[in-house]
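Data first, discussion second: the structure below is written as structure tokens.
The values are calculated or read from the model by the stated rules, or taken from the named source; none is laboratory data. Please read these numbers as outputs of a predicted model, since none were measured by experiment. A quick note on method: Cβ atoms are made from the backbone with ideal geometry, for glycine too, and the neighbour counts reach across all protein chains shown.
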Amino acid sequence: MIGLFYALVGLGLNLIFGVMKVVNLAHGDFLMLGAFGAYVSYQLWHINPIVSVLIEFVVFALLGMLIYFGFVPRLVQSKDPEMLSLILFFGVSQVIEALATMAFGVNPVSFNVNMFGPSLELFHQAYPSYLFVPFVVSLVLLALMFFFIYKTKPGTAIRAIMGSRDEAAANGISIHRYSSLAFGIGIGLAAVAGVFAPFVVGGVDPTTGTDLTTISFAIIVIGSLGNPIGTIFGGLVYGISMMLMQTYLPSWASIAPYVLLILILLIRPSGILGRGVRHA
Amino acid sequence: MGAFLKVDQISKRFGGFYAVNGLSFELKQGEILGLVGPNGSGKTTCINVLSGIYAADGGTVEFDGKMIHTMPSYKISNIGINRTYQIPKCFHSLTVKENIDVALAHAKHKPQVDPVEFLELQGIMGRNAGTLNTAQQKTLDLARALATGPKLLLVDELAAGLNPEETESMTTKLLHLSEQGVSIIVVEHLLSFVHALTKRVIVMNAGKQIFEGDLESASKDPLVNQVYLGGDAV
Amino acid sequence: MRKQTTIDLSISLVLVLAFVALPHFYSNLTILFMMAMYMVLSQGVNLLYGLTGYMPFGYVGFFGAGAYGFSIALQHLHFPIVLALIFGVLFTSLVGVILSPLLRLSGAYFAIGNLATSQVIYGIVANSHLQGITGGGDGVDISQYFNQTASYYVMLAVLLVVMVGIIWVKRSSFGLSLQAMRDDSVSVAMSGVNVVRNRMLVWLASAAIAGLCGAIYAWFISFFYPSSVFDVSIGIFAIVFMLFGGQGTIFGPVIGTIILYGIYNVIGVSTPQYFQLAYGVLIVILVMFLPNGVLSLFKRGRRAHGRVLESRPNF
């Protein structure tokens, strides 16, 4: 169940990497911002986080597109875009962390677990709402994303760009328009996943971003980079193995995601569901 | 004197697809062999196996008395096999001189010819390889190969992208090398280029040899016509 | 060529001599030490990234391993300082050998995998089960060996050695083959270069440099927590300094360190957030506008000039 949430965490990052070959090291920081966004709107205006999900998706998607046009076109022209994007987004992540620290302080924020409101008490017997709601929202969002990616025209264009940038361009697809769209959606998804992060991973503070980024990487690498379906699988594997680790080997649980990530990178660099790398 | 290069039943698979499937042939010292066939017939894969870029999935390759089918590329280069590439693979950030120096520094044999003079590269020695045109880059690939003093040279689509005069001059050069005792395997689309170099060709299709002999007989062979030449080529 | 090498060696010597003399004029030895250390570290990154294209995002893993190898040799094995430093380097090299399968990865996969390994080393060292050996999260106290002056001069000696090493690598055919390897690993192998061995050598050299830095750093401060010697930003600083100066150049990392580390110390001390903000913004600007480093500004002028001279028709 938590696995689906992790799938949502990874999906945005994977979309961005798949389309642009840009490694968004600030992914976790957008998650963190999403969490704070929901927190602040709840504290100040009593906005239900489910509503925040919608608002944040739009706001962050626009923000993502802005970032795209600011950075990516220039980056792609450079000598080693993949490496430079790592450094660039590390810088962005530092900026976000610094600003967030100034705005929110260094204390972790955890949410009142009942803030999803009474409307969900119906389900209280089976699941606590703070776990149930992320599950339902993740499911709905993942379903929507798949509909978007596989069934709609912009989604097809985005997949075409993932396949081959040059050929997509040759077929009259506007790379910048759809790349920026994918980038925006990627950031938007990060923020939305962030809304639920406090419930699943515990408290969130401005420095949580880096850990969340690594977790996201572990997830998409498990699934295979650039493959959206793989991400869901990766999320599930990650969620289950984390739960097992925490139950049986709690003191080593903190390095578990890294170990998992390394093992998978070494055994199957293209991910569990990835097609074998062909050197031709 | 027996065969200098002896390729026995080599195969190379990508997933379930056999790019080369049980290919065998022999080559004498100083001999030129043309390797032709339609796209995807396994010519380049064959070259990649011979040069150690791919490990063969089956079969053996014997060169100059040594079994080489499990050797890594650098060792293959050291024992005297080198090659050019269909898509040039120069060191883009290095100058032409530095490109050749890399090969010279690791060469285990004395080059038969001075690659710079032989290929007339004097005028561009100081230029960055990345700024050269395709024909120049292919020539540079050949220069690097010659710098290691190869006894067997694998030439992959060298004529593509050269103009007629350049092709002719290249033909003369390769013939000269073969007179020096260098064996050469030429993978080529441009049949006139192959024709000018050698009488002996192997026609490949779907990873297998379907014909061996001279080019004229190849054009009369019904199987070759069916898969490749379309009936009226050459 | 020869003349250029002499010039480069002289500049390196002057640089190190300046650092020898500086403590007489400037009392903050820690800043000087750190500056020399970062020069060495970013040369280590330069060696790996600038010459082979592998980006060691978790470079700090080697640094921390060196610090701990050194401390363990002092505390548990009661080695003298010099032997302990060597032990630290050997220990780091061993870690490097264990991690060498990472070299099979390329591009972002390597960078992320490397980052993850540094976190794993950190996790192991800081784990409470190993409290008896590493001190766990409580940190390491080797203050009975505290000697800032000696450790400072040892660091300078290392700086000199590393500079000479880099100059040699850049001028040698080994260095040329590394650069060629970065451009095309297939055709460099066909030129007779043992790619796997060369890569391994550079990887281990780079690891050893970081390990040595970590060991001398441990000696210099003599009391530290795992979180301080495994702080990812140590490695990232080294990368940023190198990029800022100019990757693959001899003096880029030195210039990058002097300028950026200098700036950091002016702005950095008071509030960590502002420091982090400024440093983040700087990285962004750097990547956007100076992806080839400060030194590329000078080179660009020269290269353009050269091209005009050489662009006569050929063939």
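Within the stretch C:38-75, how many residues are touching a helix residue (DSSP H, G or I) at 6+ places or on another chain (Cβ under 8 Å) and more than 22 Å from C:Q119 (Cβ to Cβ)?
Looking only at that region, the number is 11.
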- Message: Suppose we filter A:G184, A:G209, A:G230 for residues that are more than 14 Å from chain C (Cβ to nearest Cβ), buried (at least 19 other Cβ atoms within 10 Å of the Cβ), touching a Leu at 6+ places or on another chain (Cβ under 9 Å) and at pLDDT below 75; which single one remains?
- Response: A:G230
- Do we have C:G214 as part of a helix (DSSP H, G or I) and within 14 Å of chain B (Cβ to nearest Cβ) here? no
- Item | Hey, C:S42 of a type outside the set (A, V, I, L, M, F, W, C), within 20 Å of C:M242 (Cα to Cα), at pLDDT 90 or above and crowded, with 24+ Cβ neighbours inside 10 Å or not | yes
- Task: Could you run through the stretch B:34-44 and say how many residues are of a type in the set (G, A, S) and surrounded by fewer than 20 Cβ atoms within 10 Å (Cβ to Cβ)?
- Result: 1
- Query: If we keep just the residues of the stretch C:201-247 that are of a type in the set (G, A, S), crowded, with 24+ Cβ neighbours inside 10 Å and over 26 Å from C:I142 (Cβ atoms), which is modelled with the lowest pLDDT?
  - Reply: C:G246
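For every residue, the table says whether it meets (1) outside the structural domain of B:V20 (by TED's automatic domain parsing); (2) surrounded by fewer than 22 Cβ atoms within 10 Å (Cβ to Cβ); (3) part of a helix (DSSP H, G or I); (4) touching a residue at least 12 places away in the same chain (Cβ under 8 Å).
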| residue | (1), (2), (3), (4) |
| --- | --- |
| B:L140 | yes, no, yes, yes |
| B:A143 | yes, no, yes, yes |
| B:G149 | yes, yes, no, yes |
| B:L162 | yes, yes, no, yes |
| B:E165 | yes, yes, yes, no |
| B:L175 | yes, yes, yes, yes |
| B:V194 | no, no, yes, yes |
| B:E216 | no, yes, yes, yes |
| B:Q226 | yes, yes, yes, no |
- Task: Output the residues belonging to the stretch B:24-39 that are within 20 Å of B:H189 (Cα to Cα) and free of Cβ contacts under 8 Å to residues at least 40 places away in the same chain.
- Result: B:N39
- Note on the structure: Scanning the stretch B:102-121 residue by residue, those at the interface with chain C (Cβ under 9 Å from one of its Cβ atoms) and either in contact with a helix residue (DSSP H, G or I) (Cβ under 6 Å, 6 or more places away or on another chain) or of a type in the set (A, V, I, L, M) (or both) turn out to be B:V102, B:A103, B:L104, B:A105, B:A107, B:K108, B:L121
- Check the stretch B:58-72 and report whether any residue there is within 13 Å of the chain's Cα centre (by Cα), away from chain C (no Cβ under 14 Å), closer than 18 Å to B:I184 by Cα and of a type in the set (G, A, S). no
- Item | Residue tally, condition part of a helix (DSSP H, G or I), within 14 Å of chain B (Cβ to nearest Cβ) and among the hydroxyl-bearing types (S, T, Y), over the stretch C:163-210 | 4
- Message: Can you tell me which condition C:Y68 does not meet? The list is (1) over 19 Å from C:S151 (Cβ atoms); (2) crowded, with 24+ Cβ neighbours inside 10 Å; (3) of a type outside the set (G, A, S); (4) over 15 Å from the mean Cα position of the chain (by Cα), and all the others hold.
- Response: (1)
- Which listed residue is within 13 Å of chain A (Cβ to nearest Cβ) and out of contact with any Phe, Trp or Tyr (no Cβ under 9 Å at 6 or more places or on another chain), from C:L160, C:L130, C:L115: C:L130
- Task: Among what's in the stretch B:45-100 and is basic (K, R) and within 16 Å of B:V155 (Cβ to Cβ), pick the residue that is surrounded by the most Cβ atoms within 10 Å (Cβ to Cβ).
- Result: B:R83
- Task: Check off (1) farther than 30 Å from B:V227 by Cβ; (2) more than 9 Å from chain C (Cβ to nearest Cβ); (3) of a type outside the set (V, I, T) for B:L50 and give me the number that stays unchecked.
- Result: (1)
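If you check B:A135 against the conditions, is it away from chain C (no Cβ under 14 Å) and over 16 Å from B:D114 (Cα atoms)?
Working: away from chain C (no Cβ under 14 Å): no; over 16 Å from B:D114 (Cα atoms): yes.
So B:A135 fails the test.
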